[in-house]
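The values are calculated or read from the model by the stated rules, or taken from the named source; none is laboratory data. Since this is a predicted model, take the numbers as computed values, not measurements. So basically every Cβ, Gly included, is an ideal-geometry build from the backbone, and we count neighbours across all protein chains shown. Side chains included, ligands, DNA and RNA excluded: accessible areas come from the protein's heavy atoms. Shrake-Rupley method; radii C 1.70, N 1.55, O 1.52, S 1.80 Å.
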Amino acid sequence: MFFKNDNEYLDHNLIESKLESKVESNMLSIMLETGEETGQYVQTYSTEWQDEEYEFNPDLSKCENGSKLEWNAENKSVVLKTTTSDKCYVYFDKKASKPLEIENVEVDSSSNNVKLTVKATGGTGKYSYSIDSNTCTECDEPVSGSCSSQGDKLVTDIKDNIITINNLRLCTDHKLIVKVQDEKGNNDTFEVKFSTGGYACLSCKPV
């Protein structure tokens, strides 16, 4: 904190990058948004600055007696410009999440069984996993119906980000579309290709 004189603005560095400076509670209230685009805020008393999660809201951040609040991006601090005692509210919005993206699907196939390990990032909340569609060819000829050896549907078991598919057709090239969806309904898909072996399989071209 430094002073110019009684008739000019006083500059107070209120919040350092890790909120290490002590600010009187009756002078400043730090308000954090409860979630992405909720428009609801709660006062925080945290001593750890979470710059990766929040960003300064200049429209809502105000002082009761007209003092000015500014965000210093270089120092990641809020500067109060005032000529009088004041009560100020500093608002921070929850940053938007990165778009949901499936980065990779690792395939571990053995005979007519396969395990898919899905790596997804971004989005909001918990993910749900599924097989969105599937096609297959058997020795270059289209296969009617399902790619499963047990009828119309793939036999799948999904636990967290692991998708296990059992009893696929042997001697067959498979193409699956893996789908991941977040809690807000955002989704992404990823195409997976692999072949199932078997006794005396003929050579098959990729799907």
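The number of residues in the stretch 110-136 being more than 24 Å from the chain's Cα centre (by Cα), surrounded by 17 or more Cβ atoms within 10 Å (Cβ to Cβ) and part of a strand (DSSP E or B) comes to 3.
Does at least one position in the stretch 72-94 carry a residue that is of a type in the set (Lys, Arg), closer than 27 Å to Gln181 by Cα and either open to solvent by less than 70 Å² (accessible area, probe 1.4 Å) or not in a loop (DSSP other than H, G, I, E, B) (or both)?
Among the residues of the stretch 72-94, at least one is of a type in the set (Lys, Arg), closer than 27 Å to Gln181 by Cα and either open to solvent by less than 70 Å² (accessible area, probe 1.4 Å) or not in a loop (DSSP other than H, G, I, E, B) (or both), which makes the answer yes.
Residues of the stretch 137-168 that are surrounded by 12 or more Cβ atoms within 10 Å (Cβ to Cβ), at pLDDT 80 or above and closer than 17 Å to Asn113 by Cβ: Thr156, Ile158, Ile162, Ile163, Thr164, Ile165, Asn166, Asn167, Leu168. Among the residues of the stretch 30-85, those that are modelled with pLDDT of 85 or more and acidic (Asp, Glu) comprise Glu33, Glu55, Asp59, Glu64, Glu70. Here Lys98 clears all of (1) open to solvent by less than 80 Å² (accessible area, probe 1.4 Å); (2) touching a residue at least 24 places away in the same chain (Cβ under 8 Å) except the condition numbered (1).
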